[in-house]
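S.K.: First the structure, then my questions, so here it is.
The values are calculated or read from the model by the stated rules, or taken from the named source; none is laboratory data. This structure is a prediction, so every number in the text was calculated from the model and none was measured. Neighbour counts are summed over all protein chains in view; Cβ atoms, including those assigned to glycine, are modelled from backbone coordinates with ideal geometry.
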Amino acid sequence: MPLPSFIAPCIILATLAGIAVGRYPGLRMNRATIALVGATALLVVRAMTLEQAYEGIDLNTIMLLLGVMILNANLAIAGFFRLVCARVAHWARSPRQLLALVVVSSGVLSAVFLNDTVVLMFTPLVLEITAALRRNPVPYLVGLATAANIGSAATITGNPQNIIIGIASGIPYVTFTAYQLPVAAIGLAVAWAVIVLVYRQEFVRGRFEARARVDVDIYAPLLRKSLIAAALMLAALVAGAPIPLAAFGAASLLLVTRRLKPERVFAEIDWSLLVFFTGLFVVTHAIETTGLTDKLFSFVQPLTHGGVASLSIVAVVLSNLVSNVPAVLLFKPLVPQLGDPQRVWLVLAMATTFAGNLTLLGSVANLIVAESARARGVHLSFLEYLKAGVPVTILTVAMGAAWFSLIP
C-alpha cells in the first residue's frame with residue numbers, strides 16, 4: 001500500500017528545520033545525525049530508491065572536503081596556525097592594528113583553507129593574545145568570525161558551500177577567484193571599519209605598552225612538507241586540474257610519511273561534517289525525485305525578477321532559514337532555469353557566504369568561535385554579535401550585489 005504523498009515533503013521539511021536549528025528538543029542530535037536520519041527516513045518511506053540516493057551523493061565534493069581537511073590537519077599538527085598568530089602578536093602595535101591583523105590573517109587563510117578549520121585553530125590563540133594585552137576579546141572574536149566568512153568567499157576551497165558551487169558549476173578555480181576576490185577584499189575592509197565603529201571604546205587611539213607573546217612549537221619537517229603540498233595543490237588548481245584530484249593529490253602526498261602516524265591525522269578530521277554532507281545530499285536530491293523541484297522553482301523564480309539584488313536577498317534569507325549549505329543545494333536544480341547560470345552561481349557563492357555573518361547562528365564558523373570562547377570563560381552572546389554582524393552583512397551583500405550587477 002503506497003504511503004500518502006505528503007509524507008516525503010514532511011520529512012524533508014522536518015530535516016531542514018532540524019538542520020537550521022541544529023538540534024531537536026529533548027534529543028542528543030546534531031546537524032550530521034539529523035541529516036543522516038532524514039535521509040534514511042526518506043529511503044524507508046520509499047521516497048527514493050537506494051540507487052537514486054547514491055546518485056544524489058556528490059563524491060567530488062566529499063573528496064575535495066576530505067582532501068582539504070587532511071591538508072589542514074597536517075598544518076595544524078605542524079604548528080602553522082600557531083606560528084601565524086605569533087606573528088600577529090609580534091607585529092601588532094595598537095588595538096586597531098591587532099584587529100586588522102586578525103581580520104587579514106583570518107580572511108586570507110580562510111580563502112585558501114576551510115574557514116571552519118581556521119577559526120577553530122585561531123580562537124584560543126586570539127584569546128591568549130587579548131588576555132596578555134588586557135584587551136576586551138569580544139571585538140577581536142567578532143572580527144575573526146566575520147573575516148573568516150568573508151575571506152572564504154574568495155575561492156572554491158574557502159568554505160563548504162563554495163565547494164558545492166565549484167563542483168556543480170564547473171567554473172574554473174582561477175575564474176571563480178577573479179570574480180570573488182575583489183568582493184572579499186573590500187568586504188574585509190568593511191568588517192574592520194564596522195567593528196572599529198561599533199566598539200569605539202576599545203579602539204581609541206593608542207599603542208600597546210608591551211607586545212603579547214605566543215609560544216610556538218614547530219615541527220619543521222612537517223611544516224615544510226605541508227606548505228609544499230598546499231603550494232602544489234594551488235598550482236594544480238590554477239593550472240586547471242580537476243579540483244577534487246588536486247586536493248586529494250596534496251592529501252596523499254602528506255599521508256606518505258615515516259614519522260607521523262595516520263591515526264593522529266585522522267583524529268583531526270571533522271568526520272561529522274562528511275556525514276552531514278552525505279545525508280544532506282540525499283535529502284535535497286529527494287526534492288528532485290519527489291517532483292518538488294518544479295514547485296520550488298515556481299516559488300523562487302518570481303522572487304528573482306529583480307536581478308542580482310533580489311537573488312542576493314533571497315539567498316541571504318534562505319541561508320538564515322535553513323543554513324547556507326542547504327540553501328545552495330536547494331538552488332542547485334533551479335540554477336539552469338534562472339538564466340546566465342555562471343552569474344547566478346557566483347552571486348549565490350557571495351550572498352550565501354556573506355549571509356553567514358548576519359547572526360551568531362548564521363555559520364558554523366561563528367558557532368565554533370562562540371563555543372571555543374565559552375569553554376575558556378569568554379561569553380559572546382547572540383545580541384552582542386548582532387551589533388556588528390547585521391551592518392557587516394548588509395554592507396557586504398549590497399556591495400557584492402552592486403559588483404555582480406556591473407561586471408559583464
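S.K.: May I ask you to verify whether Asn136 is polar (S, T, N, Q), within 20 Å of Phe382 (Cβ to Cβ), out of contact with any Leu (no Cβ under 8 Å at 6 or more places or on another chain) and surrounded by fewer than 22 Cβ atoms within 10 Å (Cβ to Cβ)?
M.R.: Answer is yes for this residue.
S.K.: Which count do you get for residues in the range 41-59 that are assigned to a helix (DSSP H, G or I) and surrounded by 18 or more Cβ atoms within 10 Å (Cβ to Cβ)?
M.R.: Total meeting the criteria: 4.
S.K.: Sticking with this one: Counting just the residues of the range 253-278 that are over 30 Å from Thr15 (Cβ atoms) and hydrophobic (A, V, I, L, M, F, W, C), which one comes out modelled with the lowest pLDDT? Working first, answer last.
M.R.: Taking the range 253-278 first, the residues over 30 Å from Thr15 (Cβ atoms) are 253-265.
Cutting the leftovers down to hydrophobic (A, V, I, L, M, F, W, C) gives us 253-256, 260, 265.
Values: Leu253: 95, Leu254: 95, Leu255: 94, Val256: 93, Leu260: 88, Val265: 94.
Only one residue fits best here, namely Leu260.
S.K.: So the check is Cβ under 6 Å with 6+ separation or different chains; which pairs have a first residue in the range 185-210 that's in contact (Cβ under 8 Å) with a residue 24 or more places away in the chain and a second one that's among the polar types (S, T, N, Q) and not in a helix (DSSP H, G or I)?
M.R.: Glu202/Asn136; Arg207/Ser94
S.K.: Counting residues that are surrounded by 14 or more Cβ atoms within 10 Å (Cβ to Cβ) and modelled with pLDDT of 85 or more, which helices (runs of 4 or more DSSP H) fully inside the range 293-408 reach at least 3?
M.R.: The qualifying helices (runs of 4 or more DSSP H) are 308-322, 324-331, 341-354, 364-374, 382-406.
S.K.: Next up: Looking at the range 22-29, is at least one residue in contact (Cβ under 8 Å) with a residue 12 or more places away in the chain and farther than 28 Å from Ile243 by Cβ?
M.R.: So in the range 22-29, the residues in contact (Cβ under 8 Å) with a residue 12 or more places away in the chain come out as 22.
Of the ones still in play, those that are also farther than 28 Å from Ile243 by Cβ are 22.
Taking every residue of the range 22-29 in turn, at least one turns out to be in contact (Cβ under 8 Å) with a residue 12 or more places away in the chain and farther than 28 Å from Ile243 by Cβ.
S.K.: Also: Test Leu338 against the criterion of being touching a Leu at 6+ places or on another chain (Cβ under 9 Å), without any contact (Cβ under 8 Å) to a residue 40 or more places away in the chain and at negative phi, and give yes or no.
M.R.: The answer is yes for Leu338.
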